[in-house]
């Protein structure tokens, strides 16, 4: 199924309540645009919508699949004020506006499912709590309502650092190192992640295609300790699938067990030999997601 690249202009909510210029969200649109079964796929902290190419292609025979670049990432605009990257209402507002935009294209009700990797899973969890937005089913890859400070500290060692690369091969070598926890990907899969992770600079070198200032949130949270969102998880009613890498330092085993017992009492699937996070590129992981979404 062909991919369509689109953009949506949305308002920018701000942490200081000042008026900011609107920004564009880029997204890919897969499948039949008249299909009323819609899946929204949202990537992790430093990633982008093209991580979902394989999943979206597989799902597009049954669903219309929308994969946005979160603001500051991929082809979406960067924010004027770096503090707004640590203001969660920005992400929730963008998600709500995207869903509203998609719904406006239909003359009848649609269903919306959400697949989120890491940060994308948290945005999905919080979006599902919005009484005006009904998320039918939620998939969260390697993220939960408790994020250990140790994991945040590890990620702060590379997120937003001013690194550049002489060519794509050098970029891929670096990505393979910092993302080794994705698990045993094929050469083709690593290459796919690489070519969509870099932006060409004026001097002919490559940098990551995200705003380095997204790292601002680490400066606050590392000092504050673990991120505890259990109060929101306990309010969640949406049927939820949690995919966990057994080597993950972000979604701990004890947290996953508690997620099965509290809130929506999630279904948890663990994948051996993978840390943070199952990237949903290979057929096994795609099948897990697809079976959960279609089992209704």
Label point 7 Å beyond Cα of residue 62 along Cβ direction - residues of segment 1-27 with amide nitrogen under 19 Å: 1-2
R0 = 25 Å: FRET efficiency of residue 261 with residue 284, Cβ-based, nearest 0.05? 0.45
Rounded to the nearest 500 deg cm²/dmol, what is the calculated helix-only ellipticity per residue at 222 nm for the chain, with -39500 (n - 2.57) per DSSP H run of length n ≥ 4? -9000 deg cm²/dmol
Volume per residue, Å³, of the convex hull around the alpha-carbon atoms of segment 140-201? 113
Quick one: if you stick a label point 7 Å off each Cα along the C-beta vector at residue 178 and residue 7, how many nm between them? 2.5
Using a ≥ b ≥ c from the Cα gyration tensor of the chain (square roots of the eigenvalues), is it rounded, prolate or oblate, where a/c under 1.5 gives rounded and otherwise the larger of a/b and b/c decides, a/b for prolate? rounded
Which value does Rg/Rh take for segment 153-293 over its C-alpha atoms, Rh per Kirkwood? 1.01
Label-point gap, in nm, between residue 237 and residue 224 - each point 7 angstrom along Cα→Cβ: 2.8
For the peptides 277-283, 201-207, 257-263, what is the packing order when you average, over each peptide's residues, the other Cβ atoms within 10 Å and list the highest mean first? 277-283, 257-263, 201-207
Cα pair distances exceeding 20 angstrom across segment 1-105, given as percent: 37
Using a Förster radius of 25 Å, what is the FRET efficiency between residue 253 and residue 295 based on their Cβ-Cβ separation? Nearest 0.05, please. 0.50
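Throughout, read-outs are computed from the coordinates displayed, never taken from laboratory work. Because the structure is predicted, anything quoted here is derived from the model rather than measured. Note that each Cβ is placed from the backbone with ideal geometry, even for glycine, and that neighbours are counted across all protein chains shown.
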